[in-house]
Amino acid sequence: MRRREFAGILAIPMLARSLGVRAQGSAPRRMAIVHSGIPADKLTETGGVTWLHEFFGELRRLGYVEGGNLIVERYSAEGHIDRAAELARSVVARNPTVIVTNGPLVLPFGAATTTIPILAVMAEPISEGVSDSLARPSANITGVAVDAGIELYGKRLEILKEALPGASRVAYLGSHTQFDGVFGKAARDAGRRLGLEVVGAPLGEVTQPELERAFQRMVQERLDAVTVSAAGEYLANRLPIAALAASSRLPAMYPYRDYVDGGGLMAYAPDLPELARHLAGQVRRVLDGARPQEIPIYQATTFHLIVNQKAATALGLALPPAFLARADEVID
């Protein structure tokens with residue numbers, strides 16, 4: 001069976017090193033971590049994903065150690081978002097103590113259980129219909145929000161326009177649902193204010209062939225730049241996305257620093273390690289007995305502009321000095 005086949009993803013969740021391990025004084029807690037794009041075997045402290053490194057490290061510092069008093073089961077949709085409901089039902093059937101998930105999987109998990117606590121990395125929980133309030137989460141879902149409101153989509157376009165004053169048409173690389181929903185509308189509205197036409201580059205699944213087709217269409221339509229969705233399945237494919245943007249000679253604005261570290265041009269990004277530490281603290285509280293409704297959704301407040309000057313040079317871009325001066329970090 002091929003590694004990326006969905007059935008294989010569900011069949012063998014990665015358990016802790018030993019299911020026989022018991023914490024002193026009590027049975028170990030069980031945490032299911034489920035991601036929309038990152039493969040299950042990479043959902044670890046050493047899997048090469050910055051926020052996961054911080055998340056598991058903070059959990060350990062807070063007293064929950066995998067293989068000791070914590071059993072971790074790992075699952076991934078690997079970009080097959082159309083099967084999210086099936087994945088959610090399968091995980092819920094195993095009845096973990098807590099479920100940690102992200103973006104497009106939040107609502108399917110919320111539909112699958114109203115009793116198991118769900119801790120999630122989300123974009124904008126209120127606009128997405130996850131909760132009516134950040135301070136008092138609805139139902140059994142809380143977590144962290146990587147967006148500071150939908151205005152962030154306009155802010156990223158504003159920065160992109162400052163870097164590329166001559167740009168007039170920009171692609172939005174994301175799903176149909178994102179582009180047709182509140183996020184796409186926010187981007188289109190902001191684009192009109194800035195004199196930019198924001199064009200959808202929707203994907204059904206975030207796979208290499210789909211990404212290649214999307215970038216081919218952008219080149220054929222002579223788009224000036226691209227902005228990338230903040231959804232986790234795109235972050236999971238950050239290296240191929242950055243490589244395709246470079247080979248297509250398309251300047252790109254990314255939502256996370258990880259893209260720039262992987263060769264991307266620029267990002268206006270929240271501090272993901274900080275958010276991961278907050279998420280770990282929320283998981284600790286749930287494992288200690290708190291209800292999700294008692295834990296406010298933590299919203300990102302700090303964002304940084306990171307620019308990769310080497311990527312700009314490879315694209316033949318002479319970025320304005322004023323733009324470079326306002327960057328929080330310029331990678332040479």
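The values are calculated or read from the model by the stated rules, or taken from the named source; none is laboratory data. Here the structure is a predicted model, which is why all the values come from computation and not from measurement. Every residue, glycine among them, receives a Cβ derived from its backbone with ideal geometry; neighbour counts consider all protein chains shown.
Kindly indicate whether residue 50 is touching a residue at least 12 places away in the same chain (Cβ under 8 Å), among the hydroxyl-bearing types (Ser, Thr, Tyr) and under 13 Å from residue 277 (Cβ atoms).
Values: touching a residue at least 12 places away in the same chain (Cβ under 8 Å): yes; among the hydroxyl-bearing types (Ser, Thr, Tyr): yes; under 13 Å from residue 277 (Cβ atoms): yes.
Here the answer is yes, as residue 50 does meet what is asked.
Might you let me know whether the range 120-140 holds any residue that is closer than 12 Å to residue 35 by Cα, in contact (Cβ under 8 Å) with a residue 60 or more places away in the chain and not aromatic (Phe, Trp, Tyr)? I'd like the intermediate steps shown before the answer.
To start, the set of residues in the range 120-140 that are closer than 12 Å to residue 35 by Cα comprises 120-122.
Checking which are in contact (Cβ under 8 Å) with a residue 60 or more places away in the chain leaves us with 121-122.
Filter again for not aromatic (Phe, Trp, Tyr), leaving 121-122.
Yes; the residues of the range 120-140 include at least one that is closer than 12 Å to residue 35 by Cα, in contact (Cβ under 8 Å) with a residue 60 or more places away in the chain and not aromatic (Phe, Trp, Tyr).
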**Study point:** the range 209-242: number of residues that are buried (at least 16 other Cβ atoms within 10 Å of the Cβ) and over 30 Å from residue 125 (Cβ atoms)
**Key:** 4
Exercise for review: Scan the range 172-195 for residues that are under 23 Å from residue 327 (Cα atoms), in contact with a Leu (Cβ under 9 Å, 6 or more places away or on another chain) and either without any contact (Cβ under 8 Å) to a residue 24 or more places away in the chain or buried (at least 22 other Cβ atoms within 10 Å of the Cβ) (or both) and jot them down.
Suggested key: 187, 191
Check your understanding: residue 200 versus (1) within 21 Å of residue 237 (Cβ to Cβ); (2) surrounded by fewer than 23 Cβ atoms within 10 Å (Cβ to Cβ); (3) touching a Phe, Trp or Tyr at 6+ places or on another chain (Cβ under 9 Å); (4) modelled with pLDDT of 95 or more: which is the lone unmet condition?
Key -> (4)
Review point. Are any residues in the range 194-231 within 17 Å of residue 166 (Cβ to Cβ) and in a loop (DSSP other than H, G, I, E, B), and if so, which ones?
Key: 195, 196, 221, 222, 223, 224
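Name the residue, out of 230, 214, 167, that is in contact (Cβ under 8 Å) with a residue 12 or more places away in the chain and under 17 Å from the mean Cα position of the chain (by Cα).
Just a single option satisfies the conditions, and that option is 230.
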Check your understanding: Looking at (1) under 20 Å from residue 263 (Cα atoms); (2) without any contact (Cβ under 8 Å) to a residue 12 or more places away in the chain, which is the only condition residue 310 fails?
Key -> (2)
Check your understanding: Checking residue 18 against (1) of a type in the set (Ser, Thr, Tyr); (2) in a helix (DSSP H, G or I); (3) at pLDDT below 95, which test does it fail?
Key -> (2)
Check your understanding: Out of the range 55-90, which residues are modelled with pLDDT of 95 or more, surrounded by fewer than 21 Cβ atoms within 10 Å (Cβ to Cβ) and not small (Gly, Ala, Ser)?
Key -> 58, 60, 61, 62, 65, 66, 69, 73, 86, 89
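Specify which of the listed residues (70, 87) is touching a residue at least 12 places away in the same chain (Cβ under 8 Å) and touching a Lys or Arg at 6+ places or on another chain (Cβ under 7 Å). Step through it out loud before you land on a result.
Details: 87 fails: touching a Lys or Arg at 6+ places or on another chain (Cβ under 7 Å).
Exactly one of 70, 87 is touching a residue at least 12 places away in the same chain (Cβ under 8 Å) and touching a Lys or Arg at 6+ places or on another chain (Cβ under 7 Å), namely 70.
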Check your understanding: Is it true that residue 232 is in the same structural domain as residue 327 (by TED's automatic domain parsing), closer than 24 Å to residue 300 by Cα, modelled with pLDDT under 95 and not hydrophobic (A, V, I, L, M, F, W, C)?
Key -> yes
Point to revise | Residue list for the range 176-197, restricted to those being modelled with pLDDT of 90 or more and more than 15 Å from residue 149 (Cα to Cα) | key: 188, 191, 192, 193, 194, 195, 196, 197
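Can you name every residue in the range 122-148 that is touching a Ser or Thr at 6+ places or on another chain (Cβ under 7 Å) and at positive phi? If you could, list the steps in order and put the result at the bottom.
Taking the range 122-148 as the starting set, the residues that turn out to be touching a Ser or Thr at 6+ places or on another chain (Cβ under 7 Å) are 125, 131-132, 137-141, 148.
Correct list: 139 only.
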**Study point:** All positions within the range 143-175 that are at pLDDT 90 or above and hydroxyl-bearing (Ser, Thr, Tyr)
**Key:** 168, 172
Check your understanding: Could you list, in sequence order, the residues of the range 69-85 that are under 16 Å from residue 102 (Cβ atoms), not in a strand (DSSP E or B) and not basic (Lys, Arg)?
Key -> 77, 78, 79, 80, 81, 84, 85
Exercise for review: Among the residues of the range 119-153, write down those that are surrounded by 17 or more Cβ atoms within 10 Å (Cβ to Cβ) and not in a loop (DSSP other than H, G, I, E, B).
Suggested key: 119, 120, 121, 122, 141, 142, 143, 144, 145, 152, 153
